[in-house]
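Read the figures in this text as sums done on the coordinates, not as results from a lab. Remember, predicted model here, so these are calculated numbers, not experimental data. With ideal geometry, Cβ positions are generated from the backbone for all residues, glycine too; neighbour counts draw on all protein chains shown.
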């Protein structure tokens, strides 16, 4: 699967996110930076898959 192909399924997007993480590691980015990039992207993918619902500070959990 190429990053230029599309449209993608959510599963394919998770696979591409793994490739993105590997490229970040290969580029020598710090672990904390990689985690920030990947974790924030993961929230978006979870939202696409209806597995995440943002909550503000005034909303009960």
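Key figures for this structure:
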quantity	calculated
Pairs with Cβ under 8 Å, 6+ apart, first in segment 46-58 and more than 16 Å from residue 11 (Cβ to Cβ), second not in a helix (DSSP H, G or I)	55/61
Counted residues, segment 24-61 - those being surrounded by 12 or more Cβ atoms within 10 Å (Cβ to Cβ) and part of a loop (DSSP other than H, G, I, E, B)	3
Scan of segment 1-23 for residues that are within 19 Å of residue 53 (Cα to Cα) and not in a helix (DSSP H, G or I), ordered by number	none
